[in-house]
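Novice: I am attaching a structure below and will ask some questions about it afterwards.
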Amino acid sequence: MSNDDIVDTLNDLIETCKDGEYGFTACAKHTTSSELRTLFLQRAAECKTAAAELQPYVVQYGGKADHGGSASGALHRGWVAVRGSLVGFSDQAMLDECERGEDAAKARYRKALKQELPEPLTALVQRQELGVQRNHDQIKALRDRAKEQL
């Protein structure tokens, strides 16, 4: 795998992390549950940390690290706002949006793990992918529980 390919893969993951950070922060602003707000803000901080872990490797492999989210992430955050205004920013709607974002993150991490990254990067990406999976599973369980309470 060329250095340019490594940089592209890592920057894609950084965008994913930034999308998660911004998305969880947006959902935290719109939830009525203090428990969910705390969870969303914690997940946003974890996403920020994950991006920070990846950024030095981009530089190490000769690239410039991304510091923003993706266009699709910005659209997703816009959808959170639009959907929230339509459904009143319900906790259920925020959980639905977070799960949708985590589905996208899982797909991008799985795509990265199919690449032939150098070993230290593979281990880092695998560890972060486990965190994405944990986030997804927790959000999905909370979403399912909230649906049952309706």
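The values are calculated or read from the model by the stated rules, or taken from the named source; none is laboratory data. Fair warning: this is a prediction, and the values are worked out from it, not measured in the lab. Ideal geometry is used to build each Cβ from the backbone, glycine not excepted, and the neighbour counts take in all protein chains shown.
Novice: Considering only the range 18-74, how many residues are of a type in the set (A, V, I, L, M, F, W, C), more than 25 Å from ALA93 (Cα to Cα) and at pLDDT 90 or above?
Specialist: Count: 6.
Novice: Here is a follow-up. More than 12 Å from the chain's Cα centre (by Cα) and in a helix (DSSP H, G or I), is that true of GLU46?
Specialist: no
Novice: Quick one: in the range 106-122, which of the residues that are touching a Leu at 6+ places or on another chain (Cβ under 9 Å) and in a helix (DSSP H, G or I) is farthest from ASP137 (Cα to Cα)?
Specialist: Per the criteria, the residue is LEU121.
Novice: Also, quick follow-up: Answer yes or no as to whether GLN128 is within 12 Å of the chain's Cα centre (by Cα), surrounded by 15 or more Cβ atoms within 10 Å (Cβ to Cβ) and modelled with pLDDT of 90 or more.
Specialist: It is true that GLN128 is within 12 Å of the chain's Cα centre (by Cα), surrounded by 15 or more Cβ atoms within 10 Å (Cβ to Cβ) and modelled with pLDDT of 90 or more.
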